[in-house]
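**Student:** Let me begin by handing over the structure; questions about it come next.
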Amino acid sequence: MIIVLKPNTKKEDIEHVKEKLKEKDFKPMPFEGDERTVIHVIGDVRDDSPDEFKSIDCVENVIRILKPYKLASKEHHSQKTIIKIGDVVIGNGDFTVIAGPDSVETEEQIIESAKIMKANGVKIMRASAFKPRTSPYSFQGLGIEGLKLLRKAGDEVGILVETEVMDVRDVPIAAEYADILRVGARNMQNFDLLKEMGKVKCPIILKRGMSATIKEFLMAAEYIIASGNRNVILCERGIRTFETAYRNTLDLEAVAILKQETHLPVIVDPSHASGKRELVIPLSKASAAVGADGIIVEVHPEPEKALCDGAQSLYPEQLTQLIKEIKPICKAVGRKL
Ligand code: PEP
Ligand code: MN
C-alpha cells in the first residue's frame, strides 16, 4: 500500500500517520518529494486497511499494490532504479559490461585480470573469493585473503570490484572490500543472506536460482529491498531444463518480462548460462537485443589455467571482440556502451 500525502503536509501530521501505521504493525517507509511525501507501507495489508488511512485529513490517496513483490514492482515505483557507484551508473539506459575471472586465484592473476578489463573499457571487474562448488574437493576460493587481493587489484588499476557472498557472517567484511556484492544462484532463496544484504549500502547483484520462477526471483529481490537496500540488480544466468547441449538454458524471455514487471536493472550472465566460451558472444548480443541493462561475463588471462570455469571463460582478445560486436546492437536498441 502507498499513502500519498497532500502537498506541504506538516511534519507532525506525517509523524501521526507513521504512528498510526506502526500501531497496526505496518512498517512505514516515507519518501519526501519536492512537493509531497509518499509513505510506502510494508506489511500484511487487509482489504479494509486503505479505507482506514484514506479518512485521515492529510492523506490525499491510498493505493493498494496488488503484486506480491510490492517494492520491486513497477506498480509501486514506475521510475527506473538507477544505481550509481562513483562515476559508474547502471540502469540509466546505458549497457554495462561487468567482466572478470570466475575467482581470485593469485595476486598476479587478479592484477593482470584487472588490467585486461580496464584496457577493454570495462569499469567493473567480477571475481569470487568465496566459491559455491558442487564438490567439496574443488577449489573453494581464497576467502578473506581473496577479498583483500581483489581490493588491491581494483585500487591499483582503478576499476570497481564485484564479488559473491555465500555466508551471512561474511557480508560486512565483503562490503568493506568490494564495491558490489553478489548473491549466487544457489543462494537466491537463502533468506537470511538476503536480509543481511539489505543492511549494507552497496549494490547487490541477485542471480536467479537455477529452478526459480520469475515470481520467486522477484520475491527474493523484495527481501533485500524490504530489509533496507534498494540497489538491487537482477541477473538472469540460465535455468535448468531438459537440454544437455549447454550448461543451462538462457531464459531471455525472463529479461523481457522482468523489464515489464520491475523498475530494477536487469543484466544477463551468458557465461554460466552456456558453460562454453564459444556461446558467450552470441548470447551477449542477444541479451543486448532483448533489452538487458548489461552483462556479467567471465574472462581469464589464461583460461586453460583457471581454477574454476575455464571452459566458459573468454580469452582476453575475445573480450575485445565481444565489445566490438555488441556495440552496433546496443546502438540499434538505443543503448550506449
Ligand atoms: C559465478 O558467478 O561464478 C557463479 C557461481 O554463478 P551462479 O551463481 O550463477 O552459478
Ligand atoms: Mn563461475
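Every number in this text was worked out from the coordinates using simple rules, so none of it is lab data. Bear in mind the structure is a predicted one, so any value in this text is a computation, not a measurement. As a convention, Cβ positions derive from the backbone with ideal geometry for all residues, glycine included, and neighbour counts pool all protein chains shown.
**Student:** For every other residue with a beta carbon closer than 14 angstrom to the beta carbon of Asn190, add +1 if it is Lys or Arg and -1 if Asp or Glu, then tell me the sum. Display every interim value, and only then the final one.
**Tutor:** Details: positive: Arg169, Arg182, Arg186, Lys195, Lys207, Arg208; negative: Glu164, Asp167, Asp170, Asp192, Glu196, Glu216.
Local net charge: 0.
**Student:** Continuing with the same structure: Report the calculated FRET efficiency for Phe191 and Lys84 (r = Cβ-Cβ distance, R0 = 25 Å), to the nearest 0.05. Write out the running numbers ahead of the final one.
**Tutor:** Working: r = 28 Å, r/R0 = 1.11.
It comes out at approximately 0.35.
**Student:** Enter the angle in degrees (range 0 to 90, nearest 10) between the Cα long axis of helix 144-157 and the first principal axis of the Cα atoms of the chain, meaning the one along which they spread out most.
**Tutor:** Tilt relative to the chain: about 80 degrees.
**Student:** Still on this model: Using +1 at the C-beta of Lys and Arg and -1 at the C-beta of Asp and Glu, which of Val88, Val104, Gly291 has the Cα lying farthest in the positive direction of the dipole of the chain?
**Tutor:** The residue sitting most towards the positive pole is Gly291.
**Student:** Starting from the Cα-Cα distance between Asp34 and His16, subtract it from 0.36 nm times their residue separation and give me the gain in nm to one decimal.
**Tutor:** Using 0.36 nm per residue and subtracting the Cα-Cα distance, I get 4.4 nm.
**Student:** Provide, in order from the shortest bin, the percent of all Cα-Cα pairs of the stretch 112-168 in each 5 Å bin, continuing until the bin that contains the maximum pair distance.
**Tutor:** In order of increasing distance, the bins hold 4, 20, 26, 20, 15, 10, 4, 0 percent.
**Student:** How would you rank Asp269, Asp34, Asp155, going from fewest to most other Cβ atoms within 10 Å of each one's own Cβ?
**Tutor:** On the way: Asp269 29, Asp34 5, Asp155 11.
So the residues, fewest neighbours to most, are Asp34, Asp155, Asp269.
**Student:** Sticking with this structure for a sec: Mean residue ellipticity at 222 nm from the helices of the chain, using -39,500 (n - 2.57) per DSSP H segment of n ≥ 4 over the full residue count, to the nearest 500 deg cm²/dmol?
**Tutor:** Working: 11 runs with 119 residues, N = 337.
About -10500 deg cm²/dmol.
**Student:** Compute the separation of the alpha-carbon centres of the stretch 126-169 and the stretch 13-73 and state it in Å as a whole number.
**Tutor:** About 40 Å separates the Cα centre of the stretch 126-169 from the one of the stretch 13-73.
**Student:** Net charge around Lys74, counting only other residues with Cβ within less than 12 Å of its Cβ (Lys, Arg = +1; Asp, Glu = -1)? The partial results should precede the final answer.
**Tutor:** Values: positive: Lys67, Lys70, Lys80, Lys259; negative: Glu75, Glu261.
With Lys, Arg at +1 and Asp, Glu at -1, the net is +2.
**Student:** So for each of 4-10, 260-266, 124-130 I average, over its residues, the number of other beta carbons within 10 Å; can you give me the resulting order with the highest mean first? List each step's numbers first, then the result.
**Tutor:** Details: 4-10: 14.6, 260-266: 21.9, 124-130: 26.4.
My ranking of the peptides, most packed first, is 124-130, 260-266, 4-10.
**Student:** Oh, and also: Express as a percent, rounded to the nearest 5, the fraction of DSSP beta bridges in the chain (both residues included) that run antiparallel. Before the final figure, lay out each step's value.
**Tutor:** Values: 18 of 45 bridges.
Expressed as a percentage, antiparallel bridges in the chain total about 40.
**Student:** As an exercise, identify the trypsin sites (Lys or Arg not before Pro) in the stretch 33-73 lying in DSSP coil whose Cβ has no more than 12 other Cβ atoms within 10 Å. Walk me through the numbers on the way to the answer.
**Tutor:** Values: sites: Arg36, Arg46, Lys54, Arg64, Lys70; in loops: Arg36, Arg46, Arg64, Lys70.
Hits after loop and neighbour filter: Arg46.
**Student:** Here is a follow-up. Cα-based Rg (one decimal) and Dmax (whole number) for the chain, in Å?
**Tutor:** Cα radius of gyration and Dmax of the chain are 21.2, 68 Å respectively.
**Student:** Next question. Scan the stretch 158-244 for trypsin sites (Lys or Arg not before Pro) in coil per DSSP, keeping those whose Cβ has at most 10 other Cβ atoms within 10 Å, and list them by number. Please report the intermediate quantities before stating the final value.
**Tutor:** On the way: sites: Arg169, Arg182, Arg186, Lys195, Lys199, Lys201, Lys207, Arg208, Lys215, Arg230, Arg237, Arg240; in loops: Lys199, Lys201, Arg208, Arg230, Arg237, Arg240.
Taking the stretch 158-244 and a limit of 10 other Cβ atoms within 10 Å, the loop trypsin sites (Lys or Arg not before Pro) found are Lys201.
**Student:** For Asp25, what charge total do you get from the other residues with a beta carbon under 12 Å from its beta carbon, if Lys and Arg give +1 and Asp and Glu give -1?
**Tutor:** Values: positive: Lys20, Lys22, Lys24, Lys27, Arg46; negative: Glu23, Asp44.
Net charge in that neighbourhood comes out at +3.
**Student:** Moving on to the next point. Can you tell me the order of 242-248, 77-83, 275-281 when each peptide is scored by its average per-residue count of other Cβ atoms within 10 angstrom, highest first?
**Tutor:** Numbers: 242-248: 12.0, 77-83: 15.4, 275-281: 18.1.
Descending packing order for the listed peptides: 275-281, 77-83, 242-248.
**Student:** Could you compute the FRET efficiency for Ser135 and Tyr246, with r as their C-beta to C-beta distance and R0 at 22 Å, rounded to 0.05?
**Tutor:** Result of the calculation: an efficiency of 0.60.
**Student:** Right, next: Give me the one-decimal nm value for the distance between modelled label points at Glu304 and Ala289, 7 Å along each residue's Cα-to-Cβ direction.
**Tutor:** Each label point lies 7 Å from its Cα, and together they span 3.3 nm.
**Student:** Once every Cα of the stretch 2-63 carries one equal point scatterer and solvent is ignored, give the base-10 log of I(q)/I(0) from the Debye formula at q = 0.14 Å⁻¹, two decimals.
**Tutor:** -0.32
**Student:** Work out the length of the dipole vector of the stretch 107-260 about its Cα centre, built from +1 on the beta-carbon of each Lys and Arg and -1 on the beta-carbon of each Asp and Glu, and round it to the nearest 20 debye.
**Tutor:** Details: 23 positive and 20 negative charges, 44 e Å.
The calculation lands at about 220 debye.
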